[in-house]
Amino acid sequence: MSLKIGTRGSKLALVQTRKVTDALQQRGIETETVVITTPGDAKTGVPLHAIGGQGVFVRALDDAILEGRIDAAVHSMKDIPSARPEGLSTCAVLRRDSPADYLVHSCDLEEIRVVGTSSTRRRAQLLRSALPIEVRELRGNVDTRLKKLERGEYDAIVLAEAGMQRLGLDLPGTRLLPQWYVPSPNQGAIAVVCRNDPGCIEQFQPLDHFQTRKEVEVERAVMEEVGGGCFTPMGIFCESGFLIAEVLALDGSRWERIEDSGDTIEEAREIGQKLRTIACDLIEDARISLGVSE
């Protein structure tokens, strides 16, 4: 009997799922890919925080696992919210690809005036930069975003470099260094979620990358302690035991940032608690400004 692997239907999601199914098939495990449409895919004209945050890409696949329609699902790990339903397990985290953002543009950097992104984090970090820019809302899959760029609706757009690499895209632009444009927690990592069943989990264990799992779990521990939801401009990045975490004002005018050792979950939780304390006004201002209920 083949494993039913669920995925969103975007080109990037299918490429990421193929990476998992190919690895399983190389180990003699038969698979079947099942495409599931999520509310986040259907409502592309609405900001994420207005339709439930990043979790809108995940809930439909979670439900399909719990209902037995699929055995597992493949996600960009940054889309998985911290609160998870009972009965599920993150059974594999693949070796991380680039965590960085990439500013796609064909004009000179100094000529950029309008940048497209739906991320409050990316918006705040761009507004913090020295570029004299306006940031406008932009959602949709990678092809949709690139078409809007080509039509001249924006001078530049922001994409995850890992997604570009997986799609084989070689685009003109500027790589945004993660040390300053701190990525979303878990950006660049692919995760597999399955039902919490030892027999099912065991089949995915060979795909699990120890160092990546350790680093993304540190990032998630910080994220959980900071809280704030997807509306909060927040970047968290751990690499080789060094952690950078920051919360920004929506307009990039202020930020609180911690750089410290992040080698254990305990250290990560302490850093997250400290960051939440010193950035509580930024989190609350973002919530009020965007009209997000407590």
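Every number in this text was worked out from the coordinates using simple rules, so none of it is lab data. A quick note: this is a predicted structure, and the numbers were derived from the prediction, not measured. Neighbour counts are summed over all protein chains in view; Cβ atoms, including those assigned to glycine, are modelled from backbone coordinates with ideal geometry.
Brief remarks on what is shown
- Across 111, 215, 256, mean-square fluctuation computed from a Gaussian network of the chain (C-alpha pairs under 10 Å connected) peaks at 111.
- Diagonalising the gyration tensor over the Cα atoms of the chain and scaling each eigenvalue by 5 before taking the square root yields semi-axes of 30, 23, 18 Å, largest first.
- Each helix, a run of at least 4 DSSP H residues, gives -39500 (n - 2.57); summed and divided by the residues of the chain, these come to -10000 deg cm²/dmol at 222 nm.
- Fraction of beta bridges assigned by DSSP in the chain that are antiparallel (%, nearest 5): 70
- For segment 146-200, the set of trypsin sites (Lys or Arg not before Pro) satisfying both a DSSP loop assignment and a count of at most 11 other C-beta atoms within 10 Å is given as 151.
- Across 271, 36, 190, mean-square fluctuation computed from a Gaussian network of the chain (C-alpha pairs under 10 Å connected) peaks at 36.
- Its residue count N sets the reference 2.2 N^0.38 Å, and the alpha-carbon radius of gyration of segment 201-275 equals 1.21 times that reference.
- Temperature 10 °C, viscosity 1.306 mPa s: under these conditions the Stokes-Einstein estimate for segment 129-228, based on its Kirkwood radius over C-alpha pairs, is 94 µm² per second.
- Amide H within-cut-off set for residue 70, under 5 Å, with H built and near neighbours excluded: 65
- 230, 194 arranged by Cβ crowding within 10 Å, fewest neighbours leading: 230, 194
- Rounded to the nearest Hz, the phi-derived 3J(HN,Hα) couplings of segment 198-210 under the Karplus curve 6.51 cos²θ - 1.76 cosθ + 1.60 (θ = phi - 60°) are x, x, 6, 4, 4, 5, 9, 4, x, 8, 6, 9, 4, where x marks glycine and proline.
- Here residue 78 is the anchor, and the lysines within straight C-alpha reach of less than 18 Å, apart from those fewer than 8 places off in the same chain, are 11, 19, 214.
- Gyration tensor (alpha-carbon) shape descriptor, segment 101-176, a/c threshold 1.5: rounded
- GNM flexibility winner over the chain from 281, 155, 208 (Cα, springs under 10 Å): 281
- Positive-pole candidate from 227, 112, 168, dipole of segment 107-255, charges at beta carbon: 112
- With neighbour counts taken as other beta-carbon atoms within 10 Å, the residues 105, 75 rank, fewest first, as 105, 75.
- Once the Cβ-Cβ distance of residue 141 and residue 261 is raised to the sixth power relative to R0 = 41 Å, the FRET efficiency obtained is 0.65.
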